[in-house]
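S.K.: Encoded as structure tokens, here's the structure I'll be asking about.
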Amino acid sequence: MFDIYTLVEALWLIIPAYAANGLVPVVRKFGKTHPIDGGRKFIDNRPLLGPGKSWEGLILACVVGALIGTFLMFVQPLLPWDLSPVQLDIVPMSPVLGLLLGLGAMIFDSIGSFIKRRLKLKRGQIAPLLDQEDFLIGSLLFASLLVSIKLDWWIWLLVITPIIHLPASVVAYWLKVKREPW
Ligand code: CTP
Ligand code: MG
């Protein structure tokens, strides 16, 4: 059912993806990055993905996903799940699941950029919904290679991710981590 319990289950699953996607912009702080598209253009003579999609970002997201997945695997048995009046369906977190969430996020984030470039949007220009949902869809699709994902989790996450994403981006912009407040 589409209720507060399924929201908790969905949030538990998506933590590594949020962490990975949220931390990726810090790669800029470590110096020059190498664009995944190597500066290549598509047949429309516009960038294939653009300079905002780097190998460093892709790798960082996979590492963060795997590390957070590992951390959650250890804290999972310590959390007070039985406070819930209904039996929660909490996915067993693992390094591999965290890695899949981070990798899926970055692959679909790049697909999002590919679409943005075809729509003539420059790197960093706003694309409502696409900017917030692309990584989420990738994370859930990749995670479903390992665990079964309820339809309610999909719905909850598609609804709340844009709502969480905007204030988080504003904070990242204030902290000078993100180049734009979206
Ligand atoms: N980033 C990266 N490598 C990736 C994904 C993101 O280096 N694979 C970094 C880039 O510095 C990027 C920032 O994270 O600028 C924010 O990511 P995002 O908002 O997805 O990229 P945009 O700069 O907005 O570019 P686009 O318009 O292509 O989405
Ligand atoms: Mg952006």
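S.K.: Look at Ile149 and say whether it is under 27 Å from Met93 (Cα atoms), surrounded by 15 or more Cβ atoms within 10 Å (Cβ to Cβ) and within 16 Å of ligand 1 (Cβ to nearest atom).
M.R.: no
S.K.: Please identify the pairs in which a residue from region 126-152 that is in contact (Cβ under 8 Å) with a residue 60 or more places away in the chain and over 10 Å from Phe108 (Cα atoms) has its Cβ atom under 9 Å from the Cβ atom of a residue that is among the hydroxyl-bearing types (Ser, Thr, Tyr) and surrounded by 13 or more Cβ atoms within 10 Å (Cβ to Cβ), counting only partners at least 6 apart or on another chain.
M.R.: Hits for this filter: Lys150/Thr6; Asp152/Thr6.
Condition check ((1) in contact (Cβ under 8 Å) with a residue 40 or more places away in the chain; (2) farther than 19 Å from Thr161 by Cα) across all residues:
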| position | (1), (2) |
| --- | --- |
| Val27 | no, yes |
| Val75 | no, yes |
| Gln87 | no, yes |
| Gly98 | yes, no |
| Gly112 | no, no |
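S.K.: Can you tell me which residue is nearest to Ile107 (Cα to Cα) among those in region 28-68 that are within 16 Å of ligand 2 (Cβ to nearest atom) and touching a Lys or Arg at 6+ places or on another chain (Cβ under 6 Å)?
M.R.: Per the stated criteria, the residue is Ile36.
S.K.: A follow-up question, please. Touching a strand residue (DSSP E or B) at 6+ places or on another chain (Cβ under 9 Å), crowded, with 16+ Cβ neighbours inside 10 Å and among the basic types (Lys, Arg): is that true of Lys53 in this structure?
M.R.: Spelling it out, Lys53 is indeed touching a strand residue (DSSP E or B) at 6+ places or on another chain (Cβ under 9 Å), crowded, with 16+ Cβ neighbours inside 10 Å and among the basic types (Lys, Arg).
S.K.: I want to confirm something. Restricting to region 152-171 and keeping residues that are within 12 Å of ligand 1 (Cβ to nearest atom) and crowded, with 19+ Cβ neighbours inside 10 Å, which single residue is nearest to Leu23 (Cα to Cα)?
M.R.: Of everything passing the filter in region 152-171, Ser169 is nearest to Leu23 (Cα to Cα).
S.K.: Which of (1) surrounded by fewer than 17 Cβ atoms within 10 Å (Cβ to Cβ); (2) at pLDDT below 95 does Ile90 not meet, given it meets every other one?
M.R.: The one condition Ile90 does not meet is (2).
S.K.: From the list Leu23, Leu49, pick out the single residue that is aliphatic (A, V, I, L, M), in contact with a Pro (Cβ under 8 Å, 6 or more places away or on another chain) and under 25 Å from Lys122 (Cα atoms).
M.R.: Every option except Leu49 fails the conditions.
S.K.: Considering only residues that are under 20 Å from the mean Cα position of the chain (by Cα) and more than 23 Å from Gly69 (Cβ to Cβ), look in region 2-33 and name the one that is modelled with the highest pLDDT. Let's see the steps before the verdict.
M.R.: In the first step, residues of region 2-33 are kept if they are under 20 Å from the mean Cα position of the chain (by Cα); the result is 6-29, 33.
Checking which are more than 23 Å from Gly69 (Cβ to Cβ) leaves us with 28-29, 33.
Values: Arg28: 90, Lys29: 89, Thr33: 95.
Selected residue: Thr33.
S.K.: Among the listed residues Arg123, Arg117, identify the single one that is in contact with a strand residue (DSSP E or B) (Cβ under 7 Å, 6 or more places away or on another chain) and either in contact (Cβ under 8 Å) with a residue 24 or more places away in the chain or more than 9 Å from ligand 1 (Cβ to nearest atom) (or both).
M.R.: Arg117
S.K.: Do we find a residue being farther than 27 Å from Leu140 by Cβ and in contact with a helix residue (DSSP H, G or I) (Cβ under 7 Å, 6 or more places away or on another chain) anywhere in region 52-69? Quick ask: steps written out before the conclusion?
M.R.: Quick first cut of region 52-69, residues farther than 27 Å from Leu140 by Cβ only: none.
Scanning region 52-69, I find no residue that is farther than 27 Å from Leu140 by Cβ and in contact with a helix residue (DSSP H, G or I) (Cβ under 7 Å, 6 or more places away or on another chain), so the answer is no.
The values are calculated or read from the model by the stated rules, or taken from the named source; none is laboratory data. Just so we're clear, the structure is a prediction, and the values are computed from it rather than from any experiment. With ideal geometry, Cβ positions are generated from the backbone for all residues, glycine too; neighbour counts draw on all protein chains shown.
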